[in-house]
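Comments concern the structure below.
What follows is calculated from the coordinates using simple rules that are stated; it is not laboratory data. Nothing here was measured: the structure is a model prediction, and the numbers come from that model. No Cβ is skipped: glycine too gets one built from the backbone with ideal geometry, and neighbour counts run over all protein chains shown.
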Amino acid sequence: MKTYRIAVLPGDGIGPEVIAQALRVLEAVGERFSLRFALETLPIGAAAVAVANNPLPPETRAAVVKSDAVLLGAVGDPSLDTAPRELRPETGLLALRKLLNVYANLRPVAVHPALAACSPLKPERLRGVDILVVRELTGGLYYGEPRGRNGTSAVNTLVYSAAEIDRVTQVAFEAARGRRRLVTSVDKANVLEVSQLWREIVTRVARDYPEVRLEHCYVDTAAMRLVSDPATFDVVLTENMFGDMKPRSSRARSACCRRRRSVRARGCSSRCTDRPRRSPAVTSPIRSVLSRPWPCCCATGSTNRKPPPR
């Protein structure tokens, strides 16, 4: 019987409660498939600060790099919101990602029919939503240097290399091959040089996947489409900061699992190209969305297209 070493990091808040149930599932999986798990429970986040004055103690670091997998709960504690950066629970989480080089975060967004009525959107707007968000996880603003603050100003640095963009883009396209063969890359290429490089590299990688369609979308337009037409998304590819925000908003809107969306540009630098845009009802973001398509905002025009085939 094969044995796998798993580092169990319950973390903070609801983390230990969730991990307790996850371990029950893991036990059932082991029995079903004749697997054995060697579990080692270790602190991270605020729990680690409490016992070791470090959100990712050396003992936890040493154990996770020797493990076959890491089972992580959650980190965070309001009592440490004003603590120095090196003692913040989130610092331990970012350090863990960097330590393990987990550069691609996969976030599925699926709507369970039993929960559709709980969403602020009408159920018909959620019909057919099945999205996989591929978020770059070890670069961008969260890791860029220089960073810091003084009494009157602060600075963070957004930086990506071509190699970092290339590898996460390949993950997105490989995933799309087994789904509905559409990748939507989200950026802000109209104002950010990093996004311009992002778009160039994504477009280059797409040539190696001729069976997968690529579309580009500005992040603000992507946010609007998440509300108005989420079922038109398949695989959404985005950098660290954009990917942090959008899955959370998607889960809130769908009242269910996961999240996101985007679009493709061919011969057009418009915010969205080749795709219908929807206008939200003016009265309230909680109300349904009208189905009136917007025209493309560039000279190439826009063609209404159906969601990717299922």
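Things worth noting here:
- Computed over neighbours whose Cβ is under 11 Å from that of Leu42, the net charge equals -1, Lys and Arg +1, Asp and Glu -1.
- Length gained on full extension, Met245 to Ala22, computed as 0.36 nm times the residue gap minus the Cα-Cα distance: 77.7 nm.
- Within segment 65-135, the proportion of C-alpha pairs whose separation exceeds 19 Å stands at 59%.
- Estimated inter-spin distance, Thr157 and Arg5, nm [label 7 Å along Cα→Cβ]: 3.5
- Segment 102-215 shape via C-alpha gyration tensor axes, a/c threshold 1.5: oblate
- Calculated FRET value between Lys98 and Phe33, using beta carbons and R₀ = 35 Å, to 0.05: 0.65
- Between Val191 and Ala117, the modelled labels are 4.2 nm apart [label points 7 Å from Cα along Cα→Cβ].
- 3J(HN,Hα) along segment 89-102, derived from phi through the Karplus expression 6.51 cos²θ - 1.76 cosθ + 1.60 where θ = phi - 60°, amounts to x, 5, 4, x, 5, 4, 5, 5, 4, 5, 4, 8, 6, 8 Hz, with x in place of Gly and Pro.
- Two-decimal ratio, segment 12-89, of alpha-carbon radius of gyration to 2.2 N^0.38 Å: 1.25
- Zone residues, segment 1-22, relative to Ser79, backbone N less than 20 Å from point 7 Å out along Cα-to-Cβ: 10-18
- Multiplying the residue separation of Leu106 and Thr41 by 0.36 nm and subtracting their alpha-carbon distance yields 21.0 nm.
- A convex hull fitted around the alpha carbon atoms of segment 177-227 yields 71 Å³ per residue.
- Amide H to amide H, with H built 1.01 Å from N, Asp187 comes under 5 Å of Cys217, Tyr218, Val219, counting only residues 5 or more places away or on other chains.
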